[in-house]
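Below: one structure, written as structure tokens.
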């Protein structure tokens, strides 16, 4: 059995030097960071058997995914990423070598996103659970968007393309891959195992006028409801316009699914759903190369989905 | 099966209103908090079977303990507590009612300590794991102490009395309780189940000149080594002077243990071990009513423990 202290020393070596904001970090009881006016903080957890399995994800995938999922909350606010604090709860069979591989995957993605891993905790537990708290920073409230700012008359748009993560999960589970070329299947699986938060897009879209924003983590159908509820408005969206990631249509047809229903409920694409005054569309479309208009904000409450059969009954998933 | 959204609504009701620093909190993708110049952040995790068992801890105890353990890291830095971000990883058998009871225990302790629970995540997992990230605040580096400031010539002191948590665990496990009066046994058990971080003492002792500080979470023998190593000095401590919590001596003798060895290795008392220039002693002793001098800082490295048999071989525990 490795000693916690030895694993922590090895983890520190993997992490490298901290950013210049960081005054104190691993090795003290807590990290000390020079603040900017607003701290934007979220905690996100991935658990074996719920968000991943070690049959389909390498430990490095798990580390990457845990950080990306947490960073996606900062993207949805328009915050600039700062520090991450990582808790590893490791089951008895999960060796120190595997734990280090997990931390390497996380640290690599931290480097890619300008995030400093500034602290952590390692404990023994009955199951593999990785919690990541991330803090981002902003100069003023105007740099940030919440879920509650959508106003009747705004348009509703989504970044990027959806469905890759859900399709990738199906590929990893062995469904429909016989009908897919290898490169497409592998790209879909990669999108599920290693999602990326839309940090730059989030900041650019708030600057371009986004009135409300949420990351598509639970599936568009569910996340749109969250946004409508927080803003006390009704969203009317057509899934006919839903942008599909390459390969999603093929995978859906190979497995007898409706591609748009799959993309609207699958979750974990970590694209951004946002609302925007109509007259800011050009500015937003210039800020984010792939921005698709899905519908409108109207008075009322809830969500109206049209454009695929059974759209009214679509729900994303929740991890509980 | 409860839906995550319903549990989260219930959790929000338990939490009440946030502090005035908090601009956005639960209900958005991330919390937004007005910062002070330095953010002091730590993440701490308690896992079923490692830090507690549900046979000896109520869900409310678990919530209290998870927050107290995280806050103790802020106490050790001298930071003022601000916000907590809570991740609950719940196994299938852990009902929403139990989860709410856990959150109530945590929220009650948050209120007691001036901490705002500003965000969280709830996921299904294979084991009960509670991670708490806490952020505290300070105006300047001079308000904070690290582990690395101890200098040869400093004295070494500890707050409060030790051993209650380790003795309480023995009581909860049924050891020696026949020899203890009921009130003492129950007080020891309570200290194990519901520890308290020394937040006020930590701030006061930094103001009174503490050069380095660490919370006694892994046991004095281990935490003193951490402090010596970070400061690149040697600590010479006598356990003969170790202040024992009421009942620890009785419990130790009833179970055939050396009380001071038990108190030096048991951990989770969450008292503070600190170093201090000799000429600041009066000031520090005025700041913390129970402050006990254990020894001195000298040049060199490592830790010399004397005052009980086998002291050289004493080690606290690590949760891995």
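Observations, loosely collected:
So that you can scan it fast, the table gives a plain yes or no per residue for (1) closer than 26 Å to residue B:79 by Cβ; (2) crowded, with 17+ Cβ neighbours inside 10 Å; (3) touching a helix residue (DSSP H, G or I) at 6+ places or on another chain (Cβ under 9 Å); (4) at pLDDT 95 or above:
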position	(1), (2), (3), (4)
B:215	yes, yes, yes, yes
B:222	yes, yes, yes, no
B:234	no, yes, yes, yes
B:244	no, yes, yes, yes
B:247	no, yes, yes, no
B:267	yes, yes, yes, no
B:276	yes, yes, yes, yes
B:291	yes, yes, yes, yes
B:309	no, no, yes, no
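- The residues on offer are A:103, A:122, and the sole one that is closer than 15 Å to residue A:7 by Cα, within 8 Å of chain B (Cβ to nearest Cβ) and either touching a helix residue (DSSP H, G or I) at 6+ places or on another chain (Cβ under 8 Å) or part of a strand (DSSP E or B) (or both) is A:122.
- Reported count of residues in region B:77-100, each being touching a strand residue (DSSP E or B) at 6+ places or on another chain (Cβ under 7 Å), surrounded by fewer than 23 Cβ atoms within 10 Å (Cβ to Cβ) and assigned to a helix (DSSP H, G or I), is 1.
- Just so you know, in region A:1-18 the residues that are within 12 Å of another protein chain (Cβ to nearest Cβ) and assigned to a loop (DSSP other than H, G, I, E, B) include one that is modelled with the lowest pLDDT, and it is A:1.
- Residue, surrounded by the most Cβ atoms within 10 Å (Cβ to Cβ), within region B:142-160, restricted to residues that are farther than 15 Å from residue B:203 by Cβ and within 14 Å of chain A (Cβ to nearest Cβ): B:150
- Single residue of A:69, A:39 found to be crowded, with 19+ Cβ neighbours inside 10 Å, in a helix (DSSP H, G or I) and modelled with pLDDT of 95 or more: A:69
- The set of residues in region A:125-160 being more than 22 Å from residue A:91 (Cβ to Cβ), assigned to a loop (DSSP other than H, G, I, E, B) and in contact with a strand residue (DSSP E or B) (Cβ under 6 Å, 6 or more places away or on another chain) consists of A:144, A:145, A:146, A:147, A:149, A:150, A:152, A:154.
- Residue list for region A:225-255, filter: more than 28 Å from residue A:170 (Cα to Cα) and not in a helix (DSSP H, G or I): A:232, A:233, A:234, A:235, A:236
Each row is one residue, and each column tells you yes or no for (1) under 15 Å from the mean Cα position of the chain (by Cα); (2) modelled with pLDDT under 95; (3) within 14 Å of another protein chain (Cβ to nearest Cβ).
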residue	(1), (2), (3)
B:131	yes, no, yes
B:140	no, no, yes
B:162	yes, no, no
B:175	no, yes, no
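- Number of residues in region A:172-199 that are assigned to a helix (DSSP H, G or I) and farther than 11 Å from residue A:272 by Cα: the value is 16.
- Subset tally (residues that are in contact with a helix residue (DSSP H, G or I) (Cβ under 8 Å, 6 or more places away or on another chain), at the interface with another protein chain (Cβ under 7 Å from one of its Cβ atoms) and either surrounded by fewer than 16 Cβ atoms within 10 Å (Cβ to Cβ) or in contact (Cβ under 8 Å) with a residue 60 or more places away in the chain (or both)) for region B:19-36: 1
The values are calculated or read from the model by the stated rules, or taken from the named source; none is laboratory data. The structure displayed is predicted, hence computed values, not measured ones. Cβ: placed from backbone, ideal geometry, glycine included. Neighbour counts: every protein chain shown.
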